[in-house]
Amino acid sequence: MIHQDENIIILGIRTTKGSFINFCYIIYDKSSREGILVDPSWEPEKINNALYEHEVIVRHILLTHHHFDHINLSDYYTYTTSARVWISEKEYEFYKPNLNNILLFNNNEEIQFGSCTCVTIVTPGHTAGSSCFKINNHLFCGDTLFPEGCGICTSLGGNPNEMFKSIQLLKKNLNKSVKIFPGHSYGIAPGLELESILKTNIYMQIDDEETFIKFRMRTNQKNFMEFL
Ligand SMILES: [Fe+2]
């Protein structure tokens with residue numbers, strides 16, 4: 001899956017291992033070919049083929065959170081490229097993930113590659129320091145937001161109050177034309193505009209914090225992919 005605008009190309013790579021299905025994203029600057037990897041976890045041959053075909057120079061690895069289905073290939077890419085690895089300070093302080101070349105960011109910091117700028121948005125809730133990355137009009141959001149719902153808040157460090165605040169922050173600050181690239185797809189292809197998601201995603205429609213928390217933490221959810 002390829003998306004692009006005037007200065008970047010986005011390659012969405014669907015990677016699997018067993019029952020895990022994760023999207024890894026390669027985003028690169030068209031003119032310098034300097035790029036980043038978001039959440040590399042499975043099938044390095046697939047990711048390597050795309051890097052090779054597009055002649056991408058990997059400068060940074062951006063991790064939305066510490067869950068192993070999002071970070072599994074981070075160390076591997078620190079050996080095969082000279083990339084530095086970024087995770088939020090909140091996430092790092094809470095879980096202390098053991099990763100090479102690690103650098104920490106806080107909310108609203110900038111990470112450069114070529115002539116492009118990635119802005120960090122710390123959105124806790126799924127985990128203590130889950131984060132999103134905004135590049136131009138594209139948001140890479142890990143397990144915080146999916147077209148169909150939002151991430152579960154029951155794993156260690158997860159918090160539905162924080163998730164509510166994070167969803168509200170995204171709603172308030174993002175332009176409706178921003179395209180959403182989550183860490184997993186549950187049927188809808190990555191790249192949908194926020195405007196569409198606002199219409200169909202119930203977690204984006206509940207504006208009362210208590211109602212949101214009750215709904216997010218309900219115990220009759222069949223599995224974490226059943227958002228309704
Ligand atoms: Fe996760």
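Among the residues that make up the stretch 143-152, is at least one of them closer than 26 Å to residue 111 by Cα, free of Cβ contacts under 8 Å to residues at least 60 places away in the same chain and in a strand (DSSP E or B)? Taking every residue of the stretch 143-152 in turn, at least one turns out to be closer than 26 Å to residue 111 by Cα, free of Cβ contacts under 8 Å to residues at least 60 places away in the same chain and in a strand (DSSP E or B).
Among residues that are surrounded by 18 or more Cβ atoms within 10 Å (Cβ to Cβ), away from the ligand (no atom under 13 Å from the Cβ) and at positive phi, residue 114 is included.
So is residue 38 closer than 27 Å to residue 16 by Cβ and modelled with pLDDT of 95 or more or not? Give the derivation first.
Values: closer than 27 Å to residue 16 by Cβ: yes; modelled with pLDDT of 95 or more: yes.
Judged against the criteria, residue 38 is a match.
Among the residues of the stretch 122-136, those identified as out of contact with any His (no Cβ under 6 Å at 6 or more places or on another chain) and either more than 17 Å from residue 203 (Cβ to Cβ) or not in a strand (DSSP E or B) (or both) are 122, 123, 124, 125, 126, 128, 129, 131, 133, 134, 135, 136.
If the condition is being touching a Lys or Arg at 6+ places or on another chain (Cβ under 8 Å), away from the ligand (no atom under 14 Å from the Cβ) and among the aliphatic types (A, V, I, L, M), then the stretch 138-169 contributes only 139. Somewhere in the stretch 173-196, is a residue among the polar types (S, T, N, Q), in contact (Cβ under 8 Å) with a residue 24 or more places away in the chain, surrounded by 13 or more Cβ atoms within 10 Å (Cβ to Cβ) and more than 16 Å from the ligand (Cβ to nearest atom)? The answer is yes, given that some residue of the stretch 173-196 is among the polar types (S, T, N, Q), in contact (Cβ under 8 Å) with a residue 24 or more places away in the chain, surrounded by 13 or more Cβ atoms within 10 Å (Cβ to Cβ) and more than 16 Å from the ligand (Cβ to nearest atom).
Using the structure shown, decide if residue 203 is at pLDDT below 95 and within 16 Å of the ligand (Cβ to nearest atom). No: the conditions fail for residue 203. Scanning the stretch 77-102 for residues that are more than 22 Å from residue 166 (Cβ to Cβ) and of a type in the set (A, V, I, L, M) turns up 83, 85, 99, 102. Condition check for residue 156 on (1) in contact with a Ser or Thr (Cβ under 9 Å, 6 or more places away or on another chain); (2) surrounded by 14 or more Cβ atoms within 10 Å (Cβ to Cβ); (3) farther than 24 Å from residue 14 by Cβ: one failure, at (2). Within the group 104, 51, 73, which residue is among the hydrophobic types (A, V, I, L, M, F, W, C) and surrounded by fewer than 16 Cβ atoms within 10 Å (Cβ to Cβ)? Checking each option against the conditions leaves just 104.
The values are calculated or read from the model by the stated rules, or taken from the named source; none is laboratory data. All figures in this text were calculated on a predicted structure; none of them were measured in a lab. Methodologically, a virtual Cβ is constructed for each residue, glycine included, from the backbone with ideal geometry; neighbour enumeration extends over all protein chains shown.
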